[in-house]
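The values are calculated or read from the model by the stated rules, or taken from the named source; none is laboratory data. Being a predicted model, the structure only gives us computed values, none of them experimental. Neighbour counts are summed over all protein chains in view; Cβ atoms, including those assigned to glycine, are modelled from backbone coordinates with ideal geometry. Just the protein is used for accessible areas: all its heavy atoms, side chains included, with ligands, DNA and RNA removed. Shrake-Rupley method; radii C 1.70, N 1.55, O 1.52, S 1.80 Å.
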Amino acid sequence: QVRLAESGGGLVQAGGSLRLSCVATGSTFTFDDMGWYRQAPGKQRELVAAITTGGSTNYVDSVKGRFTISRDNAKNTVYLQMNSLKPEDTAVYYCNARFGVMYYWGKGTLVTVSS
């Protein structure tokens with residue numbers, strides 16, 4: 001059974017940094033796309049960043065220049081380096097991975113940015 005486990009969330013002051021990690025276990029394949037979503041209180045879940053197997057990336061406009069997504073295919077791991085954090089980045093961050101038509105989700109990790 002494929003499982004995604006996020007780590008690295010926490011409380012940080014505005015302007016600070018955090019690095020999220022997501023490890024996929026139970027798979028015998030390399031995921032096609034991997035990414036990070038977030039959901040703030042009272043808001044819909046949104047795509048933050050995504051990366052293909054080949055390393056192509058895309059970001060939501062609000063994090064461009066501040067966040068960097070990367071992945072280690074050998075470890076089936078995806079990372080999100082978050083710099084210059086803002087209070088509006090506060091949310092639960094979810095890892096997502098796709099293999100063919102199958103989508104997998106982690107349980108989320110909370111990121112809280114204080115002003």
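Of note:
- Leu80 vs. criteria under 15 Å from Gly9 (Cα atoms), assigned to a loop (DSSP other than H, G, I, E, B), open to solvent by less than 40 Å² (accessible area, probe 1.4 Å) and not β-branched (Val, Ile, Thr): no
- Residues considered: Thr68, Thr25, Thr53, Thr57. Of these, the only one that is among the β-branched types (Val, Ile, Thr) and closer than 15 Å to Trp105 by Cα is Thr25.
Each row is one residue, and each column tells you yes or no for (1) assigned to a strand (DSSP E or B); (2) more than 11 Å from the chain's Cα centre (by Cα).
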{"position": "Leu47", "(1), (2)": "yes, no"}
{"position": "Asn58", "(1), (2)": "yes, yes"}
{"position": "Gly65", "(1), (2)": "no, yes"}
{"position": "Ile69", "(1), (2)": "yes, no"}
{"position": "Ser84", "(1), (2)": "no, yes"}
{"position": "Glu88", "(1), (2)": "no, yes"}
{"position": "Val92", "(1), (2)": "yes, no"}
{"position": "Thr112", "(1), (2)": "yes, yes"}
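- Single match in Ser56, Ser62, Ser27 (criterion: within 24 Å of Ser115 (Cα to Cα) and either open to solvent by 60 Å² or more (accessible area, probe 1.4 Å) or not aliphatic (A, V, I, L, M) (or both)): Ser62
- Residue count for the stretch 4-47 under the criterion of being free of Cβ contacts under 8 Å to residues at least 40 places away in the same chain and closer than 18 Å to Asn73 by Cβ: the result is 2.
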